[in-house]
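Since the structure comes first, as structure tokens, the remarks are kept for the end.
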Amino acid sequence: MVVVLEKNVTQEQLENIIKHLEEYNFAVHKSTGEEQIVLGAIGVQLNFDTRKIKILEGVAEVYRITEPFKLASRSFKKENTEIKIKDVVIGGSEVVMMAGPCSVENEDQIFTIAEIVSKAGAKILRGGAFKPRTSPYSFQGLGEEGLKLMRKAADKYGLLIITEVMESSNIDLIEKYADIFQVGARNMQNFPLLRDLGKTTKPIMLKRGLAATVEDLLMSAEYILSSGNKEVMLCERGIRTFETYTRNTFDLSAIPVIHKRSHLPIIADPSHATGLRDKVLPMARAAVAAGADGLMVEVHHEPEKALSDGPQALLPEQFAELMIQVKTIAEVIGRKM
């Protein structure tokens, strides 16, 4: 349930309300808005009489959250969550660009691409050091060496880093180098991993699973939020349907749906959604128009030599054109890039 506090609630009253909720075996999560403090009381208490909390001094209103996801719900937090990393804000007025190769291959490759995307206006360098591949014989990434190369390239060109974490045992290692953890589509419902990531302090981008509903995605986000990490962003990267012309089916409608039901930022990944280079730019335009808080695209200066996903990676000139076009669309809907 949600406990909305009075605007002039005192610290003593706040502590007393939290104490009572905990005595009723609720886990309490605090959300501080622009005008009021809201407490999320999480726990299974069948037929709990909300009047027990309503009568406490400092409480303005108490109501139940009907959605199965609580902390990710708009009912719990009405304001959009803004994730601030250095001078980059995700979930604010700016549409943030994340760009780079599918995987880090060598020093020359990642430094070349980092320079390309930085000059075009990207704020975050993407790239995989650990790669989940369908075939066990495909390139699996460079591991820590890849992380080191990404960090050096990002620092040289003033970029942040987002990279994928595949298992809990790699969290501490990746945290040394990356600014944002990425949870891939295959791990969206790896609940032990999500709980462990919830204990970290760095932001997490959670990708939608191949056959996941919007509610499935939000429930997975709830695992991270309920474990303590409030800096979670979601990612629409396409779902698997009966259509075979594109790699996946890009569910653009998920973007406004999530914005209505949740306060969490939503990023769009048209590269994985379509799997085809010539489809990335139109889908990126559409995603920004639909309200995406950021884009994640793959870029490679020699895609024909790429060790993974070359056919969906934009060429440098295509990426530059994408940045120009999506910036124009962002301005039309009152945002910037």
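Every Cα-Cα pair in the range 2-63 was counted, and those over 14 Å apart are 50% of them.
Shape summary of the range 274-318, radius of gyration then Dmax from alpha carbon positions: 11.1, 34 Å. Relative to the first principal axis of the alpha-carbon coordinates of the chain, what is the inclination of helix 107-120, with its axis defined by its Cα atoms, in degrees from 0 to 90 and to the nearest 10? Result, in degrees: 70. Placing a label point 7 Å from the Cα of Glu215 along the Cα-to-Cβ direction, the residues of the range 244-278 whose backbone N falls under 15 Å from that point are 258, 261-262. Within the shell defined by Cβ-Cβ distances under 9 Å, the residues around Ala268 carry a net charge of -2, with Lys and Arg each +1 and Asp and Glu each -1. As a test, work out the antiparallel percent of DSSP beta bridges whose residues both lie in the range 83-332, rounded to the nearest 5. Within the range 83-332, antiparallel bridges account for around 15 percent of the total.
If a spin label sat at a point 7 angstrom from the Cα of Glu94 along the line to its beta carbon, the backbone N atoms of the range 114-134 nearer than 19 Å would be those of 114-126. Overall, the ratio between the Cα radius of gyration of the range 20-105 and 2.2 N^0.38 Å, rounded to two decimals, is 1.52.
Taking Cα atoms only, the orientation of helix 144-156 departs from the longest principal axis of the chain by about 90 degrees. Counting charges near Thr66 (Lys, Arg +1; Asp, Glu -1) among other residues having Cβ under 15 Å from its Cβ returns a value of +2. When the convex hull of its Cα atoms is viewed from all sides, the range 229-337 shows a mean projected area of 7.9 nm². Applying the Karplus relation 6.51 cos²θ - 1.76 cosθ + 1.60 with θ = phi - 60° to the range 267-273 yields 3J(HN,Hα) values of 9, 10, 10, x, 5, 6, 5 Hz, where x marks Gly and Pro. Under 5 Å between amide H atoms, partner at least 5 residues away or on a different chain: which partners does Ile161 have, H built in plane at 1.01 Å? It is Leu125, Asp179, Ile180, by chain and number. The length gained on full extension between Glu304 and Lys176, counted as 0.36 nm times the residue separation minus their Cα-Cα distance, comes to 42.9 nm.
Here the sum of -39500 (n - 2.57) over DSSP H runs of 4 or more residues, divided by the residues of the chain, equals -10000 deg cm²/dmol at 222 nm, to the nearest 500. Site pair Glu67 and Gln318 shows an inter-label distance of 3.5 nm when each label is modelled 7 Å from Cα along Cα→Cβ. Across all C-alpha atoms in the chain, the radius of gyration and Dmax reach 20.9, 67 Å. A cut-off under 13 angstrom between Cβ atoms defines the neighbours of Leu149, and their net charge, with Lys, Arg +1 and Asp, Glu -1, is -2.
Seen against the Cα atoms of the chain and their longest principal axis, helix 316-332 is set at about 40 degrees.
Just so you know, all these numbers are worked out from the coordinates, no wet-lab data involved. Keep in mind that what you see is a predicted model, and the values were worked out from it rather than measured. Counting neighbours? That spans all protein chains shown, and the Cβs are built from the backbone with ideal geometry, glycine included.
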